[in-house]
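The values are calculated or read from the model by the stated rules, or taken from the named source; none is laboratory data. Computed from a prediction, not measured in an experiment: that's the story for all the values here. Positions of Cβ are generated from backbone atoms using ideal geometry, with glycine treated the same way; all protein chains shown enter the neighbour counts.
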Amino acid sequence: MTINGVLNLNKPVGETSMDMVRMVKRLTREKKVGHGGTLDPIASGVLPICFGQATRLMDPLVDGTKLYRAKVRLGETTDTYDSDGTIVATSDATGVTREAIESALEAFRGQILQVPPMYSALKHGGERLYDLARAGFEVEREARSVKVSRLEILEWNSPDVVLDIECGRGVYVRSIGHDLGQALGCGAHIIELDRRKAGPFIVENGVTPEAFAAAVEAGTWRDFIHTPDTVVQHLPSATVTGAMESFVKNGRPVTLGSREATADVEHGALWRVYSHDGQFLALARFDKPLGQWKPEKVFDPEPVARVKDPALS
């Protein structure tokens, strides 16, 4: 039986996200496996691995809030913006104070414009930026609007500063480190990066590759799999019964409550829909003019129901 759900994997330093996907596929022999948000080889921490129908929920994972802990080294600039790259410039950072860093960080909080690094998977003219960078080319990158909800100093031990970063989709922590160095006039790059949270998953409850491999050997690895709807618990939910349950399963629009009951629901709102016995059936979007909920993603409830959902915290 195909497994549908999400594994909260704690990725170690030195491995790529795809290395972890390949490992999980090899161990479990599951065919449909993907990850919910790339981590660079230098980074460790939460890497959600999606199985089966849960791969259709990778967008909410990528869109969700992330929490990072980053150690930034001042005085050295690298071409990749992290310690995996080549140092391209050095500068004396001994005069930098905590107060100066605090002041510089203000420009990186909130809704900001950020230029992605050359060493990234974004495309330019059909080619990955990192492929162009490795070939010796640098191209102009358009700044993108991204959100940094929190950016605080956790530790300051010159020339290293540890930052606590909470952010949304599309933020490059490497760029924050690099740009901070530029703002301080001494250059900087990331030397350690740990993703502490991705969507509903936290690092404290993550499973190491070694522990997961042992669980596969023992035949208990399914105990680590969270149900697909774990990813979208932040959305409101509704329950359908009778004929409406069949309609949802077949992707047909349904009416959930009276117009008075849905008066405060915004057009385009996305809700979770469950059967009368608690099976996750679909994500449905509200069409306010019609007063109907249109199933956007429909899930087969039978295999989902057999996947254990351990507590997240």
Which is aliphatic (A, V, I, L, M) and at pLDDT 90 or above, of Ala311, Ala282, Ala305? Ala282
Among the candidates Val96, Val13, Val88, single out the residue that is touching a helix residue (DSSP H, G or I) at 6+ places or on another chain (Cβ under 9 Å), at pLDDT 95 or above and not charged (D, E, K, R). Val96
Can you tell me which residues in the range 117-134 are modelled with pLDDT of 80 or more and more than 25 Å from the chain's Cα centre (by Cα)? Arg134
Across (1) charged (D, E, K, R); (2) over 24 Å from Ala89 (Cα atoms); (3) surrounded by 15 or more Cβ atoms within 10 Å (Cβ to Cβ), Arg150 clears everything bar (3)
Among the listed residues Glu192, Glu217, Glu204, which satisfies the condition of being more than 30 Å from Pro117 (Cβ to Cβ) and surrounded by fewer than 20 Cβ atoms within 10 Å (Cβ to Cβ)? Glu217
What number goes with the only condition from (1) out of contact with any Lys or Arg (no Cβ under 6 Å at 6 or more places or on another chain); (2) assigned to a strand (DSSP E or B); (3) loosely packed, with under 14 Cβ neighbours inside 10 Å that Gly95 does not pass? (2)
Counting only residues that are farther than 17 Å from Arg174 by Cβ and either of a type in the set (Val, Ile, Thr) or loosely packed, with under 11 Cβ neighbours inside 10 Å (or both), the range 111-133 contains a total of 3
Scan the range 103-111 and give yes if some residue there is of a type in the set (Asp, Glu), free of Cβ contacts under 8 Å to residues at least 12 places away in the same chain and over 22 Å from Pro41 (Cα atoms), otherwise no. yes
Quick check: is even one residue across the range 146-156 outside the structural domain of Gly37 (by TED's automatic domain parsing), part of a strand (DSSP E or B), under 18 Å from His189 (Cα atoms) and in contact with a Phe, Trp or Tyr (Cβ under 6 Å, 6 or more places away or on another chain)? yes
Of the residues Ser83, Ser91, Ser120, which is over 29 Å from Val6 (Cβ atoms), hydroxyl-bearing (Ser, Thr, Tyr), in contact (Cβ under 8 Å) with a residue 12 or more places away in the chain and touching a Leu at 6+ places or on another chain (Cβ under 9 Å)? Ser91
Considering the range 135-147, residues that are surrounded by 12 or more Cβ atoms within 10 Å (Cβ to Cβ) and of a type in the set (A, V, I, L, M, F, W, C), and then whichever is nearest to the chain's Cα centre (by Cα), we arrive at Val146
Search the range 241-265 for residues being part of a loop (DSSP other than H, G, I, E, B) and modelled with pLDDT of 90 or more, and hand back the single one that is nearest to Pro200 (Cα to Cα). Gly251
Report yes if some residue within the range 167-187 is of a type outside the set (Asp, Glu), in contact with a Gly (Cβ under 6 Å, 6 or more places away or on another chain) and at positive phi; otherwise report no. yes
Please specify each residue of the range 49-76 satisfying the condition of being buried (at least 20 other Cβ atoms within 10 Å of the Cβ) and hydroxyl-bearing (Ser, Thr, Tyr). Tyr68
